[in-house]
Amino acid sequence: MAHALIDGDFMGQIHPAPEDDPHRSEITALNLAAVWSNYARLGHSRLIYTNTLCVMPWAASMFTRAMGADLRIVRILLTASERTARERLVHRELGSELDQELANSARKARFLDEGVPTDTVRVATDDRSVPEIAREVIAATGWAAVTEM
């Protein structure tokens, strides 16, 4: 299935943050619109956008600004238990950052759990392979029949 992929974490990477955009939300929206316009010019109509907070209700306006009002958003939140999140962070983070990342992970998980819209599809990732998770995500989008990966 034809699609474009944008990692939202890269759309706002500028230092220092603009004085009038301390959370970098405006530069992120402008960059999304610029990059999407190139994909759309090539005929793409589907986007996978990855970013922790993009499932929040207030993020929808960024997508309609960039892609137009005739838009279907499928919010998918990948979830993991505290045990799994800890195991993953222990393997990923080295040195003194681990405790801070564990605290941030727990805080973000609570924030997302309480704040995402009710139509958000939650996909559990504990003890599952990447292909299993991908099949569930693909099925949730309605883009194509689930195929063997």
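Residues 102, 98: which one is surrounded by 14 or more Cβ atoms within 10 Å (Cβ to Cβ), modelled with pLDDT under 90 and in a helix (DSSP H, G or I)?
Working: 102 fails: modelled with pLDDT under 90.
Only one candidate passes the filter, namely 98.
Scanning region 24-52 for residues that are free of Cβ contacts under 8 Å to residues at least 12 places away in the same chain, under 16 Å from residue 9 (Cα atoms) and either assigned by TED's automatic domain parsing to the domain that holds residue 127 or of a type in the set (A, V, I, L, M) (or both) gives 30, 34.
Residue by residue through region 2-50, note down the ones that are outside any helix (DSSP H, G or I), buried (at least 16 other Cβ atoms within 10 Å of the Cβ) and at negative phi.
4, 6, 11, 12, 47, 49 - these are the residues of region 2-50 that are outside any helix (DSSP H, G or I), buried (at least 16 other Cβ atoms within 10 Å of the Cβ) and at negative phi.
Consider region 51-70. How many of its residues are surrounded by 12 or more Cβ atoms within 10 Å (Cβ to Cβ) and either over 17 Å from the mean Cα position of the chain (by Cα) or part of a strand (DSSP E or B) (or both)? The total comes to 1.
The values are calculated or read from the model by the stated rules, or taken from the named source; none is laboratory data. What you are looking at is a predicted structure, and each value in this text was computed from that prediction instead of being measured. Backbone-built Cβ (ideal geometry, glycine too); neighbour counts: all protein chains shown.
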